[in-house]
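The values are calculated or read from the model by the stated rules, or taken from the named source; none is laboratory data. Owing to the predicted nature of the structure, the values given are computational and were not obtained by experimental measurement. When we count neighbours, we look across all protein chains shown, and the Cβ atoms used for this are built from the backbone with ideal geometry, even at glycine.
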Protein chains: 2
Amino acid sequence: MKEITDLQREMLKKYHLDAMVTMTPENITYVTGAYIPTQVTVRSRKVIHIITEKHDPVVIVVNIEEPIMRAQSWMDPKSIISYNEFTQNPMMIAIDKLKEFGMETKRIGMELSYLSAIDMDLMHRELPHAEIVNADAAYEEMRFIKMQFELDRIISFGSNIEEVIYGAFASARAGMTEKDIYRFISNGFAEIAKGDKMSMPMVGSGVRSCLLNGEPTDKVLEKGDIVRVDVMGTKDNYYCDCCRTAVVGTPTEHQAETWSKLVKAHDDAIAQIKPGVSTKTIYDNFARQFTEWGFKPVAFIGHGLGLTLHEEPYINTYKDTTLRENMVLCVEPIHVIDGECGYQLENEVLVTADGHRMITGTRHPYQQLATIRADG
Amino acid sequence: MKEITDLQREMLKKYHLDAMVTMTPENITYVTGAYIPTQVTVRSRKVIHIITEKHDPVVIVVNIEEPIMRAQSWMDPKSIISYNEFTQNPMMIAIDKLKEFGMETKRIGMELSYLSAIDMDLMHRELPHAEIVNADAAYEEMRFIKMQFELDRIISFGSNIEEVIYGAFASARAGMTEKDIYRFISNGFAEIAKGDKMSMPMVGSGVRSCLLNGEPTDKVLEKGDIVRVDVMGTKDNYYCDCCRTAVVGTPTEHQAETWSKLVKAHDDAIAQIKPGVSTKTIYDNFARQFTEWGFKPVAFIGHGLGLTLHEEPYINTYKDTTLRENMVLCVEPIHVIDGECGYQLENEVLVTADGHRMITGTRHPYQQLATIRADG
């Protein structure tokens, strides 16, 4: 895709790089358009993409995945190089390509937070005069602002995910287990993702709703339980991420009140979202109010979303990013009462030219705490 | 778990290491008993386990996952150290722990095929007099032979997976799509895995059955199509991996004959499995016969199975491992007719004291090519 090649060339210039070597699963998908499943399940089956200022990009892929690369990628089929996983070292093929491209004494950007110590060692030995620099920031910057095709995927998928969660709440009842909720979610997800991948959803009930990323168990849903459900997964390689909380039976006054505060924290944060705004300001405003209520704020209230689940920009107090049009954020205040229960509300939001637009949270009123039937 | 701590201490001795620092998701699960989901979905949330000859193991985990570590791990709760992902670098905590354990000038084994270049650099800077060596082989060796609790998990799960595949074949018919088969598999898998994780299954029909790891598409099943289905996923962190081929409608004579040969290749390979046998011999025998038939052998006919999908020992021509009791292998001959279709048969096999035992392939006769109804 010409736009992404152009963007990579911009980054080469901005970061004073002569080449970029891409290896992380998410960035491989970004720069090639293909998702190679065994790169994730069998870690040694590396995929390596190389671009220089002057040369068209090439990609190195294990031979049994070459057909998938050919089928899914927009890259020139002639630039796809395959290897035998048992007899060839893909890193050596990449190094030979870098030599062929005249990179022996040049500045090569790599994802050093991912590149293994063994492969780094090989780079140093085979290209002793090259300068290997960390290009993590260049990739982050590239993927900050979503292109139209990315927005289309995120919006069309995300805008349906609420139905899956509320559908599961409607099918569940006291006496069923967390795993039953998982199965309702799984079926609903399959319906809208049409064969794409769901991550294991977080399903926690009662005291288990405290666990931030707890997987569903055989715990039985009981009247009065708080039930927290967080659904994540991909369609066409792009993530959705949406969380809701329900109560089994009629909410108590205290439960309803706690939820109202969480909704206010959520709505106040989203109200501030528009280009030019500082993420740190949004977080600090949130944390101040949360603390005033006697709630203990979690380390962040939001994160970017795209080819990965949590990506820049984060909305927290540690980093400060200025929001820009076509960023996609998840806003997710969470309130855990230790040893008792946890409440969470999460929606996907697009930064527009003059404000924002909700991607999730538009079809079911989240302002009211959801319920699950208590009569078994 | 005492057995695993003891085994690690054996490896320390055998590989002349003073400490082992574990970081890969699979080995973290092995040494702690816990599976930390966000270690995989958010790569920066590292989990680090340290053991020395003299010190009890400690594990470093992101604070929001600490409850999961406490709930799932057999480690002493006092030895679980948590960190804030935004303010603390888990690698620095590990380095401080190594210093506290007196490892400044010692031999530290790490998974250098996984450790990132940035973290390796930090190790070198902070522990300049320590010797950092690659311990990949020690982990491979540890996980070669399965303990009883591992076998129990693998067998109880694997022995049910055939039903899922044959159930999907029985529910499918011409006119449906590959994604319909995916949904049947997904539902069946959820039933037996009870909330555990399925990897995206391989579902390829017609010419798409050539793709070794193709994900299901909207391709419609047509009469005469070869349909190849490979199901992988975990229950209690241990994998199953089973593949079957079907034809839509009645198999032609040529299809039936091809399948018979694949069955013979599969059965002949399994017949040789017992302690003391060389994996290379098994592969070479297979490859010779396959070639005589005019089939092109794929690079391997089998692989180990456990906490990862493909692990040592491989049954191929490049490596030679002597089989030992309580290894678990997947045997999977595959025959691809380029541009036409692909056949594959895969079963899980346990190496016993005096031979082997099939884990899958016992409930439905795989000797006959499976069928899918052609009358839509």
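The residues of the stretch A:123-141 that are crowded, with 16+ Cβ neighbours inside 10 Å, more than 17 Å from residue A:303 (Cβ to Cβ) and either away from chain B (no Cβ under 11 Å) or without any contact (Cβ under 8 Å) to a residue 12 or more places away in the chain (or both), listed by number, are A:126, A:127, A:130, A:135, A:138.
A quick yes/no check of all residues on (1) out of contact with any helix residue (DSSP H, G or I) (no Cβ under 7 Å at 6 or more places or on another chain); (2) touching a residue at least 60 places away in the same chain (Cβ under 8 Å); (3) surrounded by 20 or more Cβ atoms within 10 Å (Cβ to Cβ):
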| site | (1), (2), (3) |
| --- | --- |
| B:281 | yes, no, no |
| B:286 | no, no, yes |
| B:307 | no, yes, yes |
| B:315 | no, no, yes |
| B:328 | no, yes, yes |
| B:333 | no, yes, yes |
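Filtered by the rule that a residue be part of a loop (DSSP other than H, G, I, E, B), within 14 Å of chain B (Cβ to nearest Cβ) and farther than 12 Å from residue A:111 by Cβ, the stretch A:14-45 gives A:34, A:35, A:36, A:42, A:43, A:44, A:45.
Residues of the stretch B:202-212 being within 11 Å of chain A (Cβ to nearest Cβ) and assigned to a strand (DSSP E or B), which ones? The answer is B:202, B:203, B:204. Does any residue of the stretch A:223-241 turn out to be assigned to a helix (DSSP H, G or I), within 21 Å of residue A:362 (Cβ to Cβ) and aromatic (Phe, Trp, Tyr)? Among the residues of the stretch A:223-241, not one is assigned to a helix (DSSP H, G or I), within 21 Å of residue A:362 (Cβ to Cβ) and aromatic (Phe, Trp, Tyr), which makes the answer no. For residue A:176, indicate whether it is within 16 Å of the chain's Cα centre (by Cα) and of a type in the set (A, V, I, L, M). Spelling it out, it is not the case that residue A:176 is within 16 Å of the chain's Cα centre (by Cα) and of a type in the set (A, V, I, L, M). In this structure, residue A:121 does not qualify as modelled with pLDDT of 95 or more and in the same structural domain as residue A:305 (by TED's automatic domain parsing). Once the stretch B:142-155 is narrowed to residues that are of a type in the set (Val, Ile, Thr) and touching a Leu at 6+ places or on another chain (Cβ under 8 Å), the residue that is surrounded by the fewest Cβ atoms within 10 Å (Cβ to Cβ) is B:155. Looking only at the stretch A:157-179, count how many residues are free of Cβ contacts under 8 Å to residues at least 24 places away in the same chain and not hydrophobic (A, V, I, L, M, F, W, C). The qualifying residues number 2.
So that you can scan it fast, the table gives a plain yes or no per residue for (1) farther than 30 Å from residue B:42 by Cβ; (2) at pLDDT 95 or above; (3) among the aromatic types (Phe, Trp, Tyr); (4) in contact with a helix residue (DSSP H, G or I) (Cβ under 6 Å, 6 or more places away or on another chain):
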| residue | (1), (2), (3), (4) |
| --- | --- |
| A:59 | no, yes, no, yes |
| A:63 | yes, no, no, no |
| A:92 | yes, yes, no, no |
| A:116 | no, yes, no, no |
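Contact annotation: residue pairs with Cβ atoms under 8 Å, 6 or more positions apart or on different chains, pairing a residue in the stretch A:213-231 that is surrounded by fewer than 24 Cβ atoms within 10 Å (Cβ to Cβ) with a partner that is part of a loop (DSSP other than H, G, I, E, B) and among the hydroxyl-bearing types (Ser, Thr, Tyr), are A:224/A:252. Screening the candidates A:269, A:287, A:246, A:299 for the property of being in the same structural domain as residue A:204 (by TED's automatic domain parsing), small (Gly, Ala, Ser) and more than 25 Å from residue B:62 (Cβ to Cβ) yields one hit, A:246.
Checking the stated criteria, residue A:373 turns out not to satisfy the condition of being basic (Lys, Arg), closer than 28 Å to residue A:33 by Cβ and at pLDDT 95 or above.
Per the listing A:191, A:215, A:257, the residue uniquely in a helix (DSSP H, G or I) and modelled with pLDDT under 95 is A:191. Among the residues that make up the stretch A:303-326, is at least one of them touching a strand residue (DSSP E or B) at 6+ places or on another chain (Cβ under 9 Å), part of a strand (DSSP E or B) and away from every other protein chain (no Cβ under 14 Å)? Scanning the stretch A:303-326 turns up at least one residue that is touching a strand residue (DSSP E or B) at 6+ places or on another chain (Cβ under 9 Å), part of a strand (DSSP E or B) and away from every other protein chain (no Cβ under 14 Å).
Counting only helices (runs of 4 or more DSSP H) that sit wholly inside the stretch B:78-173, those with at least 2 residues that are in contact with a strand residue (DSSP E or B) (Cβ under 7 Å, 6 or more places away or on another chain) and charged (D, E, K, R) are B:136-144, B:148-171. Inside the stretch A:100-122, residues that are buried (at least 19 other Cβ atoms within 10 Å of the Cβ) and more than 14 Å from chain B (Cβ to nearest Cβ) make up a count of 2. For residue A:252, the stated conditions hold: it is among the polar types (S, T, N, Q) and either more than 10 Å from chain B (Cβ to nearest Cβ) or on the phi > 0 side of the Ramachandran plot (or both). Within 14 Å of chain B (Cβ to nearest Cβ), in contact with a Gly (Cβ under 8 Å, 6 or more places away or on another chain) and small (Gly, Ala, Ser) - does that describe any residue in the stretch A:213-236? Looking for residues that are within 14 Å of chain B (Cβ to nearest Cβ), in contact with a Gly (Cβ under 8 Å, 6 or more places away or on another chain) and small (Gly, Ala, Ser), one finds at least one in the stretch A:213-236, hence yes.
Residues that are of a type in the set (Asp, Glu) and either more than 21 Å from residue A:361 (Cα to Cα) or more than 10 Å from chain B (Cβ to nearest Cβ) (or both) within the stretch A:166-201 comprise A:178, A:180, A:196, listed in sequence order.
Checking A:355, A:276, A:342 one by one, the residue that is within 14 Å of chain B (Cβ to nearest Cβ) and small (Gly, Ala, Ser) is A:342 and no other. Number of residues in the stretch B:288-335 that are in contact with a Lys or Arg (Cβ under 9 Å, 6 or more places away or on another chain) and β-branched (Val, Ile, Thr): the value is 6.
For beta carbons closer than 6 Å, sequence separation of 6+ or different chains, a first residue in the stretch B:261-272 that is on the phi > 0 side of the Ramachandran plot and a second that is part of a helix (DSSP H, G or I) and crowded, with 16+ Cβ neighbours inside 10 Å, there are no qualifying pairs. Considering only residues that are more than 9 Å from chain A (Cβ to nearest Cβ) and part of a helix (DSSP H, G or I), look in the stretch B:46-77 and name the one that is surrounded by the fewest Cβ atoms within 10 Å (Cβ to Cβ). Residue satisfying both the conditions and the ranking: B:77.
In this structure, residue A:45 qualifies as out of contact with any Leu (no Cβ under 7 Å at 6 or more places or on another chain), of a type outside the set (S, T, N, Q) and at pLDDT below 95.
Select from the stretch A:282-304 the residues that are touching a Leu at 6+ places or on another chain (Cβ under 7 Å) and farther than 15 Å from residue A:345 by Cα and list them in ascending order. Within the stretch A:282-304, just A:304 meets the criteria.
Yes or no: residue A:89 more than 21 Å from the chain's Cα centre (by Cα), closer than 23 Å to residue A:124 by Cα and surrounded by fewer than 18 Cβ atoms within 10 Å (Cβ to Cβ)? For residue A:89, the condition - more than 21 Å from the chain's Cα centre (by Cα), closer than 23 Å to residue A:124 by Cα and surrounded by fewer than 18 Cβ atoms within 10 Å (Cβ to Cβ) - is met. The residues listed here are B:309, B:323; of these, the one that is closer than 21 Å to residue B:233 by Cα, under 18 Å from the mean Cα position of the chain (by Cα) and not acidic (Asp, Glu) is B:309.
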